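Asks: The structure's right below; bear with me while I get my questions together.
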Amino acid sequence: MAEYRIDELARFAGTTSRNVRAYQERGLLPPPRKSGRVGIYTETHLARLRLITSLHDRGYTSAQITELIAGWEQGRNLAEVLGLEEALNSPWTDEIPTYLPTEQIRAFLAADLTAEPGLFDRIVRLGLLKPEGDQCLVPSPQLISTVAELVSRGFPLADLLTLHEAISPAIDDVARRMVEAGSAHLIEEHGEAWLPVDGEVGEITELLQRLRQLAMSSVQGLLAHAMERHVADVMGEHLVRVIKQQAPETGG
């Protein structure tokens, strides 16, 4: 099982070390294991922290979240509850969020910012960067790396952001539909108020892991086939235009 120090845990969960400590003080987050003077957190803590953050984002107060979690844990073994949280909230990606100096990012974007001063704020609104003082949290270094390479190949950054704005809601809709389908299956099988008992957490964890594999592979396959079709269509249309432009005019 992966282990984290408090700063790493906060970064993976998209929150701050201060919030982590506050959640511990309120009893929302189990205390870490101590290794000397250092607190060591695990995937279980990350899962609980992501759940808390998600509830906060949906408008729940800390007091309401405390009541929800207490009600969830009532009459159940805490390890079972945390095990289910881990199964539900464990990462779907191996990407590690990272920090970059804000000054370095602005220097890289200098030419684009001169042409479009509001570009940096637009990037932040899209969630691609999260400024924190003199640094920026980069939730998806792989995405930023891809954008940087495309910019180096001559693609205008503003156009890439427009493309991201166009496709991101569609991807989010696909993800939500797949998650809701999995949720509906579990509810149909076990009922609205079901929580796993002894032995069922492992079963649900295995099911969720398999659903992840199937979801990622199916979406990747569908996207690959769709790209193949559209590349052929676009190139075909381009060739037709070129042929028409180069064809000699015929007299009437």
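The values are calculated or read from the model by the stated rules, or taken from the named source; none is laboratory data. What you are looking at is a predicted structure, and each value in this text was computed from that prediction instead of being measured. Please note: Cβ atoms are built from the backbone with ideal geometry, for glycine as well, and neighbour counts cover all protein chains shown. Just the protein is used for accessible areas: all its heavy atoms, side chains included, with ligands, DNA and RNA removed. Shrake-Rupley method; radii C 1.70, N 1.55, O 1.52, S 1.80 Å.
Asks: So, for the chain, what is the accessible surface per residue at a probe of 1.4 Å, expressed in square angstrom?
Replies: 67
Asks: What FRET efficiency comes out for R241 versus Q209 if R0 is 51 angstrom and r is the Cβ-Cβ distance? Round to the nearest 0.05.
Replies: After rounding to 0.05, the efficiency reads 0.60.
Asks: Would you calculate a helix-derived [θ] at 222 nm for the chain, using -39,500 (n - 2.57) for each DSSP H run of n ≥ 4 and dividing by the full residue count, to the nearest 500?
Replies: -22000 deg cm²/dmol
Asks: Taking all protein chains in place and a 1.4 Å probe, what share, in percent, of the accessible surface of the range 124-252 do carbon and sulfur account for?
Replies: 60
Asks: Just going by the charge dipole of the range 134-215, with Lys and Arg at +1 and Asp and Glu at -1 on Cβ, which of S183, A193, P169 is farthest out on the positive end?
Replies: Positive-end residue among those listed: P169.
Asks: Further, regarding this structure: Tell me the angle of helix 78-89 to the major Cα principal axis of the chain, expressed in degrees between 0 and 90 and rounded to the nearest ten.
Replies: Helix 78-89 sits at roughly 0 degrees to that axis.
Asks: Assigning unit charges at the beta carbon (Lys, Arg +1; Asp, Glu -1) and nothing else, what dipole magnitude in debye, to the nearest 20, does the range 88-167 show about its Cα centre?
Replies: For this selection, approximately 60 debye.
Asks: Still on this structure, I have one more. Tell me the label only: which of (i) 19.6, 64; (ii) 19.1, 59; (iii) 23.8, 92 is Rg and Dmax of the Cα atoms in Å as calculated from this structure?
Replies: Label (iii) holds the value from this structure.
Asks: Scan around Q135 for amide H atoms under 5 Å from its own, H built in the peptide plane at 1.01 Å from N, and keep only partners 5 or more places away or cross-chain.
Replies: T102
Asks: I would also like to ask the following. Which value, in debye to the nearest 20, gives the size of the charge dipole of the chain about its Cα centre, when Lys and Arg are +1 and Asp and Glu are -1 at the Cβ?
Replies: Dipole about the Cα centre, nearest 20: 620 debye.
Asks: Moving on. Return the single residue from A115, A47, A175 with maximal mean-square fluctuation; model: Gaussian network over the chain, springs between Cα atoms under 10 Å.
Replies: Of the options given, A115 has the highest mean-square fluctuation.
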